[in-house]
Amino acid sequence: MNMITVKFVGGAKKSFLTEQLQIEKSDISINELLDLLLKLKPADSVKLDTENILIAINGVDSSAMDGKSTLIKNNDLVNIIPIIHGGSSKKLTFEITKKQIQVIEIKGQKLINVKFLDDLRKKYPGILLQAISSNFILNKSHLIKILSLSFEYKKNNTMLSNKLETDILMRYALSKQISHAIKNAGIKSNNNFILIAIGNKKILNSLCDELLPISVNMFSKNNEQFLKKYFKITKKQLSSVYSKNPLEDILVEKASILF
């Protein structure tokens, strides 16, 4: 008997009133699975927003495969992970695997460097912090997908480092060398950076309130040309990816196969 297992994470459990379903199907695309799931969903349950979910197959983000055209095979485990968005243009708030995350972009200044991040970690020991050069993040979707990859690899004990925050930095830098990732994608004086904070919502709000005066509107700069040049992504590579944002998909795919 052909069978796939669909596991619902976070708010998706409220849509199906269960943590997982066993479905007697195989060799179907993610699009076909979503159509089937919407038919199986109880009529009086919470709506499933299929445009704001991450779908992982056997722990790998489907956007790093063939997107919603990815085929699901016999005995595959499919995770449905809702992404909760919120906040102003200077702050992004969402949730991955029940973890509260807040993201803010800090304006580059001469006196802001690695010590700035170290001081924040000492002041807020209850939350996990990482800073990524704004040049290395394409958009909101790219930001969230890479974070989701790190969380999945943490769950499977296959991170690039023994620390989640280091794994996150290395995947945005597309580097297996920690020193290289820090040097190129970490904090630099006078360069804007994205601060990623993970932890208790109350503490996260306190941190963001402190930093808002030195923050800027997020993703205001177009980094496409920088990312193409830095990672040597050619027009031929981009043209071979059939999606709305081939550059984003290539970056996520490269981040997912770092070992």
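Taken together, the values in this text are just the output of simple stated rules run on the coordinates, not laboratory data. Given the structure is predicted, the values throughout are model-derived calculations rather than measurements. Cβ: placed from backbone, ideal geometry, glycine included. Neighbour counts: every protein chain shown.
Using the Cα centre of the stretch 11-73 as the reference point, and only Cβ charges (+1 on K/R, -1 on D/E), how large is the resulting charge dipole? Debye, rounded to the nearest 20.
On the way: 8 positive and 10 negative charges, 35 e Å.
Here the size comes out at about 160 debye.
Using unit Cβ charges (K, R positive; D, E negative) and no other charged atoms, how large, in debye to the nearest 20, is the dipole of the chain about its Cα centre? All intermediate terms of the calculation are to be shown ahead of the outcome.
Numbers: 38 positive and 24 negative charges, 190 e Å.
Dipole size: approximately 920 debye.
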Within the set Lys47/Lys235; Lys110/Lys236; Lys14/Lys201; Lys91/Lys236, which residue pairs have Cα atoms separated by over 32 Å? Lys47/Lys235; Lys110/Lys236; Lys91/Lys236
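How long are the three semi-axes of the equivalent ellipsoid for the stretch 20-74, computed from the Cα gyration tensor as the root of 5 times each eigenvalue, in whole Å, largest first?
Working: eigenvalues 76, 40, 18 Å².
Equivalent ellipsoid semi-axes, largest first: 20, 14, 10 Å.
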Could you sort 68-75, 143-150, 20-27, 251-258 so that the peptide with the highest average Cβ count within 10 Å comes first and the rest follow in order? 143-150, 251-258, 68-75, 20-27
For Lys254 paired with Lys68, estimate the spin-label separation in nm (one decimal), with each label point 7 Å from Cα along the Cα-to-Cβ line. 2.7
If R0 = 51 Å, then Leu34 and Lys115, at their Cβ-Cβ distance, give a FRET efficiency to the nearest 0.05 of 0.65
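Treating the beta-carbon of each Lys and Arg as +1 and of each Asp and Glu as -1, no other charges, what is the dipole magnitude of the stretch 1-138 about its Cα centre, to the nearest 20 debye? Walk me through the numbers before you get to the answer.
Details: 19 positive and 15 negative charges, 172 e Å.
In debye, rounded to 20, the stretch 1-138 gives about 820.
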I need to check one value: relative contact order of the stretch 169-239, counting alpha carbon pairs closer than 8 Å and at least 6 residues apart, in percent. 13
Kindly give Rg over Rh for the chain, based on alpha-carbon atoms, with the Kirkwood expression for the hydrodynamic radius. 0.98
